[in-house]
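Participant: Okay, here's the structure, questions in a sec.
The values are calculated or read from the model by the stated rules, or taken from the named source; none is laboratory data. These figures come from a predicted structure and were not determined experimentally. Every residue, glycine among them, receives a Cβ derived from its backbone with ideal geometry; neighbour counts consider all protein chains shown.
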Amino acid sequence: MNANLVEGITFLAFVLILYAVYFVKGDKKKVKDASKKSVKVFIQNSVRVYAVFVIIAILQKFISPEAVSSFLLRFNGLTGILAGALAGSVMMGPGATSYPIGQYLLSNGAGYAVVSAFLFTWVGIGVVSIPYEFKFLGKKFTVLRNSFTFVAAIFIALLMGVLL
(Lines give C-alpha, C1' and ligand atoms only; values in the text may rest on other atoms or scores of the structure.)
Protein backbone atom coordinates (compact mmCIF):
# COMPACT_ATOMS: atom_id res chain seq x y z
CA MET A 1 0.00 0.00 0.00
CA ASN A 2 1.22 3.51 -0.79
CA ALA A 3 2.63 5.39 2.23
CA ASN A 4 0.68 8.54 1.36
CA LEU A 5 -2.55 6.57 1.24
CA VAL A 6 -1.86 5.03 4.65
CA GLU A 7 -1.08 8.46 6.12
CA GLY A 8 -4.23 9.92 4.59
CA ILE A 9 -6.44 7.13 5.90
CA THR A 10 -4.82 7.39 9.35
CA PHE A 11 -5.38 11.15 9.46
CA LEU A 12 -8.99 10.75 8.29
CA ALA A 13 -9.62 8.10 10.98
CA PHE A 14 -8.12 10.39 13.62
CA VAL A 15 -10.36 13.28 12.58
CA LEU A 16 -13.44 11.02 12.56
CA ILE A 17 -12.58 9.82 16.08
CA LEU A 18 -12.27 13.43 17.25
CA TYR A 19 -15.66 14.22 15.70
CA ALA A 20 -17.19 11.19 17.44
CA VAL A 21 -15.71 12.12 20.82
CA TYR A 22 -16.85 15.72 20.53
CA PHE A 23 -20.28 14.58 19.35
CA VAL A 24 -20.71 12.42 22.47
CA LYS A 25 -19.20 14.89 24.97
CA GLY A 26 -19.76 18.25 23.28
CA ASP A 27 -22.33 20.26 21.42
CA LYS A 28 -24.10 17.99 18.94
CA LYS A 29 -25.37 20.92 16.83
CA LYS A 30 -21.86 22.30 16.37
CA VAL A 31 -20.58 18.87 15.34
CA LYS A 32 -23.38 18.50 12.78
CA ASP A 33 -22.69 21.98 11.37
CA ALA A 34 -18.94 21.34 11.22
CA SER A 35 -19.52 17.97 9.57
CA LYS A 36 -21.72 19.53 6.89
CA LYS A 37 -19.13 22.23 6.19
CA SER A 38 -16.32 19.65 6.11
CA VAL A 39 -18.15 17.48 3.59
CA LYS A 40 -18.86 20.51 1.43
CA VAL A 41 -15.20 21.63 1.44
CA PHE A 42 -14.04 18.05 0.81
CA ILE A 43 -16.30 17.74 -2.22
CA GLN A 44 -15.23 21.15 -3.59
CA ASN A 45 -11.53 20.29 -3.24
CA SER A 46 -12.04 16.82 -4.70
CA VAL A 47 -13.65 18.36 -7.76
CA ARG A 48 -10.70 20.75 -8.16
CA VAL A 49 -8.14 17.97 -7.84
CA TYR A 50 -10.07 15.82 -10.30
CA ALA A 51 -10.26 18.73 -12.76
CA VAL A 52 -6.49 19.22 -12.61
CA PHE A 53 -5.88 15.55 -13.31
CA VAL A 54 -8.34 15.66 -16.21
CA ILE A 55 -6.50 18.67 -17.65
CA ILE A 56 -3.19 16.86 -17.32
CA ALA A 57 -4.63 13.76 -18.95
CA ILE A 58 -5.99 15.81 -21.85
CA LEU A 59 -2.65 17.55 -22.27
CA GLN A 60 -0.82 14.24 -22.26
CA LYS A 61 -3.27 12.66 -24.71
CA PHE A 62 -3.69 15.43 -27.26
CA ILE A 63 -0.56 17.54 -26.97
CA SER A 64 2.71 15.77 -27.56
CA PRO A 65 5.56 16.32 -25.12
CA GLU A 66 7.55 17.77 -28.01
CA ALA A 67 4.89 20.44 -28.64
CA VAL A 68 4.69 21.36 -24.95
CA SER A 69 8.47 21.45 -24.68
CA SER A 70 8.87 23.62 -27.75
CA PHE A 71 6.23 26.05 -26.45
CA LEU A 72 7.77 26.23 -23.00
CA LEU A 73 11.29 26.51 -24.35
CA ARG A 74 10.26 29.69 -26.18
CA PHE A 75 9.86 31.23 -22.74
CA ASN A 76 13.19 31.36 -21.01
CA GLY A 77 14.85 33.74 -18.66
CA LEU A 78 12.79 36.59 -17.29
CA THR A 79 10.14 36.24 -20.01
CA GLY A 80 9.57 32.61 -19.01
CA ILE A 81 9.42 33.50 -15.36
CA LEU A 82 6.85 36.23 -16.05
CA ALA A 83 4.81 33.86 -18.23
CA GLY A 84 4.86 31.20 -15.49
CA ALA A 85 3.96 33.74 -12.81
CA LEU A 86 1.08 35.17 -14.82
CA ALA A 87 -0.26 31.72 -15.67
CA GLY A 88 -0.12 30.65 -12.02
CA SER A 89 -1.82 33.85 -10.88
CA VAL A 90 -4.73 33.34 -13.22
CA MET A 91 -5.10 29.59 -12.76
CA MET A 92 -4.85 29.56 -8.94
CA GLY A 93 -5.57 26.61 -6.70
CA PRO A 94 -4.48 24.63 -3.68
CA GLY A 95 -0.82 23.68 -3.54
CA ALA A 96 -1.40 19.94 -3.75
CA THR A 97 -3.07 20.28 -7.13
CA SER A 98 -0.22 22.29 -8.60
CA TYR A 99 2.49 19.70 -7.99
CA PRO A 100 1.40 17.29 -10.74
CA ILE A 101 1.25 20.21 -13.17
CA GLY A 102 4.73 21.32 -12.13
CA GLN A 103 6.05 17.78 -12.52
CA TYR A 104 4.48 17.56 -15.97
CA LEU A 105 6.06 20.86 -16.99
CA LEU A 106 9.48 19.82 -15.69
CA SER A 107 9.33 16.43 -17.36
CA ASN A 108 8.57 18.14 -20.66
CA GLY A 109 11.48 20.54 -20.60
CA ALA A 110 10.34 23.63 -18.69
CA GLY A 111 12.99 25.30 -16.56
CA TYR A 112 12.99 25.23 -12.79
CA ALA A 113 12.63 29.02 -12.66
CA VAL A 114 9.49 28.98 -14.82
CA VAL A 115 7.93 26.15 -12.81
CA SER A 116 8.87 27.85 -9.51
CA ALA A 117 7.18 31.08 -10.57
CA PHE A 118 4.11 29.13 -11.68
CA LEU A 119 3.84 27.14 -8.44
CA PHE A 120 4.45 30.13 -6.17
CA THR A 121 1.79 32.27 -7.82
CA TRP A 122 -0.62 29.34 -8.23
CA VAL A 123 -0.84 29.16 -4.44
CA GLY A 124 -0.06 32.75 -3.45
CA ILE A 125 -2.07 34.83 -5.90
CA GLY A 126 -5.58 34.28 -7.10
CA VAL A 127 -6.97 36.65 -9.67
CA VAL A 128 -10.31 34.86 -9.41
CA SER A 129 -10.50 35.39 -5.64
CA ILE A 130 -9.55 39.07 -5.64
CA PRO A 131 -13.19 40.27 -5.28
CA TYR A 132 -13.59 38.10 -2.17
CA GLU A 133 -10.30 39.34 -0.80
CA PHE A 134 -11.43 42.93 -1.40
CA LYS A 135 -14.63 42.21 0.49
CA PHE A 136 -13.07 40.60 3.55
CA LEU A 137 -9.59 42.13 3.77
CA GLY A 138 -9.90 45.47 2.00
CA LYS A 139 -8.59 46.81 -1.30
CA LYS A 140 -5.33 48.24 0.04
CA PHE A 141 -4.34 45.02 1.76
CA THR A 142 -5.31 42.91 -1.26
CA VAL A 143 -3.36 45.02 -3.74
CA LEU A 144 -0.28 45.17 -1.49
CA ARG A 145 -0.36 41.46 -0.67
CA ASN A 146 -0.75 40.38 -4.28
CA SER A 147 1.89 42.84 -5.49
CA PHE A 148 4.43 41.73 -2.91
CA THR A 149 3.63 38.09 -3.58
CA PHE A 150 4.15 38.56 -7.32
CA VAL A 151 7.50 40.31 -6.77
CA ALA A 152 8.53 37.60 -4.29
CA ALA A 153 7.56 34.92 -6.84
CA ILE A 154 9.81 36.52 -9.46
CA PHE A 155 12.68 36.80 -6.98
CA ILE A 156 12.30 33.19 -5.79
CA ALA A 157 12.04 31.93 -9.37
CA LEU A 158 15.25 33.74 -10.29
CA LEU A 159 16.93 32.27 -7.21
CA MET A 160 15.69 28.76 -8.06
CA GLY A 161 16.98 29.20 -11.60
CA VAL A 162 20.43 30.02 -10.24
CA LEU A 163 20.44 27.26 -7.60
CA LEU A 164 19.06 24.51 -9.82
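Participant: Looking for something surrounded by fewer than 16 Cβ atoms within 10 Å (Cβ to Cβ), over 24 Å from Phe42 (Cβ atoms) and under 12 Å from the mean Cα position of the chain (by Cα) - is there at least one such residue anywhere in region 86-107?
Facilitator: yes
Participant: Let me ask something else about it. Given the criterion under 21 Å from Pro94 (Cα atoms), assigned to a helix (DSSP H, G or I), at pLDDT 75 or above and not assigned by TED's automatic domain parsing to the domain that holds Pro100, identify the matching residue among Val39, Val31.
Facilitator: From the options Val39, Val31, the qualifying one is Val39.
Participant: Looking only at region 88-137, count every residue that is at pLDDT below 80 and either outside any helix (DSSP H, G or I) or outside the structural domain of Gly161 (by TED's automatic domain parsing) (or both) and tell me the total.
Facilitator: Count: 9.
Participant: Scanning region 75-85 for residues that are assigned to a helix (DSSP H, G or I) and more than 14 Å from the chain's Cα centre (by Cα), which turns out surrounded by the most Cβ atoms within 10 Å (Cβ to Cβ)?
Facilitator: Ile81
Participant: If you check every pair at least six apart or on different chains, which have Cβ atoms under 9 Å apart with a residue in region 74-87 that is assigned by TED's automatic domain parsing to the domain that holds Thr149 and free of Cβ contacts under 8 Å to residues at least 40 places away in the same chain first and a residue that is in a loop (DSSP other than H, G, I, E, B) and surrounded by 15 or more Cβ atoms within 10 Å (Cβ to Cβ) second?
Facilitator: Listed pairs, sorted by first residue: Phe75/Ala110; Phe75/Gly111; Asn76/Gly111; Gly77/Gly111; Gly80/Ala110; Gly80/Gly111; Ala83/Phe75.
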